[in-house]
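One structure below.
The values are calculated or read from the model by the stated rules, or taken from the named source; none is laboratory data. Computed from a predicted model, the values in this text were never measured in an experiment. Methodologically, a virtual Cβ is constructed for each residue, glycine included, from the backbone with ideal geometry; neighbour enumeration extends over all protein chains shown.
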Amino acid sequence: MNVASAVDLSVTPARIRDPRATPLAGVTVSGTAVGRAGAVALHHLGLLGARHRPGARTMKHVTRECFTLVPEDGLPPLLCEVLPFPDVPESPLGETAFQAMAGLMAVNGRPWHEPRRIPLDYVSTCTGVLAVQAVLAAMIGRVRGAPLQRVRTAHSSAALLSVSQYLAAATVADASEADEATQAAQAAQAAESAGPPAGPPAHPDTGGTRPGPPFLSRDGVWFELETLDSAPWREFWAALGLRCREVSLGWTSFVNRYAAAVAPLPPLLHRTLGSHDFTDIAVAGARTGLSVCRMRTAAERYEDDGPPPAPWSLRPLGTERAPSDAPAVLPTAEQPLRGITVVEATRRIQGPLSGHVLQMLGARVIRVEPPGGDPQRCAEPVVGDCSARFLALNESKTVVEADLKTAEGRSTVRDLALKADVFLHNWAPGKAEEFALDAETLCAANPSLVYSHASGWGSSSAPDLFPGTDFMVQARSGLAWEMAEGADRPRPTLMTVLDVLGGLVSAEGILAGLLARELGGGPQRVDSSLLSAASVLQRPTTGHALSARTDPGAEGPYRTATGYIALSLPAVDGLRLLGEALDIPAGLTEPQLRRAVAAGLRTRPARSWIEDLGRSGIKAVLVQEELAAVAREPAFRADVRHGACALVAPPWSFLS
């Protein structure tokens, strides 16, 4: 089994020495993480100024993480608990099981028509960020007058939040999840049904039955393509000598990959790219406005760019002030950010999710949309008159329409920002200055403002080269190669893992900025990016007791006679114990044992194995292959709100 973090953190806030720079300066954190969630939490608390005092390390099976914050002024301690489920304090389940139960494997595996694990501790990383969010929100609430004593978050909550858009779309009353997963495939199927047209010679595909990204050039370079407009797409293929209906069919699949998590393309497109060297492909992209990004390894990235960025940067933009006065609207146990106003001018996933997190914490979020509303509101499937996916990220936000291309529209947004506590945008570099809505301008006019930019690349030079989208950042950050699991090709995921984690990291940085402001730090600028989110996911766990765990690949998913199962194996000799439970003879090499385990599990139905392996002390769970079934899973009863579609409940609880 994956050993979750057993972190007993006794935090004693001394007098905040410099809230303008690090809002947790003077805080001492004691304890040692033995799991990914705790390691992420400790690292981020340290970046915010907390001092770490290592505690006793334990490798026993513990899934409940505890953070205890003890103020020096005699106030009651604040307890933060990280649980497996909101209403289950202990469980042997680990990363692999949560990916299986919450549908991450189903979404990630869509290109291969079978569930596949994201080969990184994605749920645990998101959980660690949620834990720090809970701590910061509670501290903000306390400063503003809420007598909070206990906060909780859970791995299950993080898992479901990461698939909230897919979950909402799959549970619309008359929606078919199969339609969502196969809509993009229909274009490629139509192209194939017409037979192979004349074109460049065949080239090995990129894996899977209907290959999508990434792409392989004739000289062996793996790369990603990106454009959000059909015109550069058509012109790019024309520059490579391809003018046929497969180009249009491919565009339908390609542009839908953000929503569908699958992008099968007509084989002719891959064959065309495979008949050109990478340099020629890159030149064609530059001429037509389509971005072509070679997939770097993490080592290449660090050699080219230097150390990875911090999750966020926090910078004061004014003079230090006295701590904030008592707010006009007091926070509550359910809403620690009640009384906080956020103005959000964002699109797509990263920015809206950041605003959604703040809204779930009690803030009033005013969303700026263009005249007529955000076009994403109309994306199928719809609930009433709103897209289910859009609703999953924008529920309960107040909408103000403003045309930023006009002086009147920019004035409307400026007026909103001057009365706000937070201004959040994800505009392209230079746009804020063009609109006269940059940090220096707004913070000078509103010295209580926390100004946040959620970008694609942060301070990297990449914005001059590539659009800051999830899949381009996967390619350039080295993440796609890290998910290759030893294969000789990168394996990026078409699940929007960086958009989601980027939104969580953005909200975490904003909470740190709000705490710094409340403690007298004055106006703050917070910057985060998809690239910084990738660095959070890629960060090694050196210094923590995480190496003595079972290889995640040994935990599945495994095909059975009916369905798939995933396992939570002991940290030591987990694969061997699994072999014993299956009566596999001893003495096999690890590759032989893996093959024997996979073959043995195919002989009986999934639920039969779940029962039998449980009697052998090995926890097995059913891999959910349809997200509609995830919403009905009893284990998630505290995480899901049911209505016209399934929406994820706030992933924390705050108790006074």
| Could you say whether any residue in segment 607-630 is over 20 Å from residue 101 (Cβ atoms) and under 27 Å from the mean Cα position of the chain (by Cα)? | no
| Output for segment 516-535, where each listed residue is within 22 Å of residue 321 (Cα to Cα) and either in contact with a His (Cβ under 9 Å, 6 or more places away or on another chain) or not in a helix (DSSP H, G or I) (or both) | 522, 523, 524, 525, 526, 527
| said: Being of a type in the set (A, V, I, L, M) and more than 15 Å from residue 161 (Cα to Cα) is the filter here; which residues of segment 636-646 pass it? | reply: 644
| request: Could you tell me whether residue 454 is touching a Gly at 6+ places or on another chain (Cβ under 7 Å) and either surrounded by 24 or more Cβ atoms within 10 Å (Cβ to Cβ) or assigned by TED's automatic domain parsing to the domain that holds residue 134 (or both)? | output: yes
| message | Consider segment 453-506. How many of its residues are farther than 23 Å from residue 313 by Cβ, out of contact with any Lys or Arg (no Cβ under 6 Å at 6 or more places or on another chain), among the aliphatic types (A, V, I, L, M) and in contact (Cβ under 8 Å) with a residue 12 or more places away in the chain? | response | 3
| task | Considering only segment 469-489, state which residues are touching a strand residue (DSSP E or B) at 6+ places or on another chain (Cβ under 9 Å), modelled with pLDDT of 95 or more and not β-branched (Val, Ile, Thr). | result | 471, 472, 474, 475, 476, 480, 481
| said: Among the residues that make up segment 266-280, is at least one of them free of Cβ contacts under 8 Å to residues at least 40 places away in the same chain, surrounded by fewer than 23 Cβ atoms within 10 Å (Cβ to Cβ) and under 20 Å from residue 111 (Cα atoms)? | reply: no
| said: From the list 519, 514, exactly one residue is over 9 Å from the mean Cα position of the chain (by Cα), at pLDDT 95 or above and at negative phi. Which is it? | reply: 514
| Filtered residues of segment 429-449 (kept if in a helix (DSSP H, G or I) and among the polar types (S, T, N, Q)) | 441
| said: I need a count of the residues in segment 240-265 that are part of a helix (DSSP H, G or I) and crowded, with 18+ Cβ neighbours inside 10 Å. | reply: 11
| note | Picking from 560, 603, the residue that is over 30 Å from residue 297 (Cβ atoms), surrounded by 14 or more Cβ atoms within 10 Å (Cβ to Cβ) and among the β-branched types (Val, Ile, Thr) would be 560
| message | Within segment 281-297, take every residue that is among the hydrophobic types (A, V, I, L, M, F, W, C) and assigned to a strand (DSSP E or B) and give me the one that is surrounded by the fewest Cβ atoms within 10 Å (Cβ to Cβ). | response | 293
| message | What's the number of the only condition in (1) part of a loop (DSSP other than H, G, I, E, B); (2) over 21 Å from residue 637 (Cα atoms); (3) modelled with pLDDT under 90 that residue 80 fails to meet? | response | (1)
| remark: Within segment 371-392, of all residues that are of a type in the set (A, V, I, L, M) and more than 14 Å from residue 646 (Cβ to Cβ), the one nearest to the chain's Cα centre (by Cα) is 379
